[in-house]
Every structure is written in structure tokens, then in C-alpha cells.
1. Count, please, the residues in the stretch 15-49 that happen to be closer than 20 Å to residue 79 by Cβ and either of a type outside the set (A, V, I, L, M, F, W, C) or touching a residue at least 60 places away in the same chain (Cβ under 8 Å) (or both).
2. Which one of the conditions (1) more than 21 Å from residue 98 (Cα to Cα); (2) part of a strand (DSSP E or B) does residue 6 fail to meet, given that it meets all the rest?
3. Checking the condition under 20 Å from the mean Cα position of the chain (by Cα) and within 24 Å of residue 99 (Cα to Cα), which residue from 77, 34 passes?
4. Show me the strands (runs of 3 or more DSSP E) found entirely inside the stretch 18-76 where at least 2 residues are small (Gly, Ala, Ser) and open to solvent by 70 Å² or more (accessible area, probe 1.4 Å).
5. Out of curiosity, is residue 4 under 20 Å from the mean Cα position of the chain (by Cα), open to solvent by less than 80 Å² (accessible area, probe 1.4 Å), modelled with pLDDT of 85 or more and over 20 Å from residue 76 (Cβ atoms)?
6. I'm told residue 18 meets every condition in (1) at pLDDT 85 or above; (2) in contact with a strand residue (DSSP E or B) (Cβ under 8 Å, 6 or more places away or on another chain) except one. Can you identify the failing condition by its number?
Amino acid sequence: VTWLAPDWIAVGFGPLNWPNAQEFLDPGNIRTFGYTGALVLYSTFTFIPKAGAKPGPFVPVQANVEWLACKDICLPGRAELKLTLPVDSKPPVFTPHAQLFEHTN
């Protein structure tokens, strides 16, 4: 994952947090570890406006992501993800997607 944010802000990105992998026993008794179905990863980050910056009500964040999806063979994948976050001192509000992150507790 390569994180991108506007130049007017300093950003501290934490590591990706992964759930525990599942163990698979392939034909030939080869043991591998991985995931099935949807995989949700998360990272913490901190935004600090640079001196003289006048932040607006939102901060655009982008993540360029690359991965391998494997079964019989591995296929590369990539995506450009964009998110606009509100600039607010209030606690976050849970969205309908919050359930995807239940494994992080």
C-alpha cells in the first residue's frame, strides 16, 4: 500500500493490521496460510496541518494498493482507492461498514 495525501498536511500512517491467517493443507500435504472471502485491512493515521495551512472541511486520502490473489496460480491485482475524510474534532460515527472491522477487536 502506498498512501497519498495533500501537500498541505503532514501524515503519519501506521502499519496495516491483518487478521489471523487461515491454515490450508494443499494436495501433497503442503501447508500454506492465507485468507478466503473478503479481507479487510486497516491502518491508523494522523493528520497534522503544516504551518500556514488552512485546511478545509475535508481531507482527501488515496491508497494505491497491489496484491496477489492465489488459488491454483497467483494473479496480481491493483486498485487506486480514494476516500474523503471530514476534518472534525468530534468522535467518529459508525457507518454501515463498521461490521467489516469487527475482527480488529
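The values are calculated or read from the model by the stated rules, or taken from the named source; none is laboratory data. As the structure is a prediction and not an experimental result, all values here were calculated from the model. Because the Cβ atoms are built from the backbone with ideal geometry, glycine has one as well, and the counts that use them run over all protein chains shown. Just the protein is used for accessible areas: all its heavy atoms, side chains included, with ligands, DNA and RNA removed. Shrake-Rupley method; radii C 1.70, N 1.55, O 1.52, S 1.80 Å.
1. Counting residues in the stretch 15-49 that are closer than 20 Å to residue 79 by Cβ and either of a type outside the set (A, V, I, L, M, F, W, C) or touching a residue at least 60 places away in the same chain (Cβ under 8 Å) (or both) gives 11.
2. All conditions pass for residue 6, except number (2).
3. 34
4. Qualifying strands (runs of 3 or more DSSP E): none found.
5. Answer is yes for this residue.
6. That leaves (2) as the condition not met.
Quick grid of which residues meet (1) out of contact with any Pro (no Cβ under 9 Å at 6 or more places or on another chain); (2) modelled with pLDDT under 85:
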{"residue": "26", "(1), (2)": "yes, yes"}
{"residue": "35", "(1), (2)": "no, no"}
{"residue": "38", "(1), (2)": "yes, yes"}
{"residue": "45", "(1), (2)": "yes, yes"}
{"residue": "49", "(1), (2)": "no, yes"}
{"residue": "70", "(1), (2)": "yes, yes"}
{"residue": "74", "(1), (2)": "yes, no"}
{"residue": "78", "(1), (2)": "yes, no"}
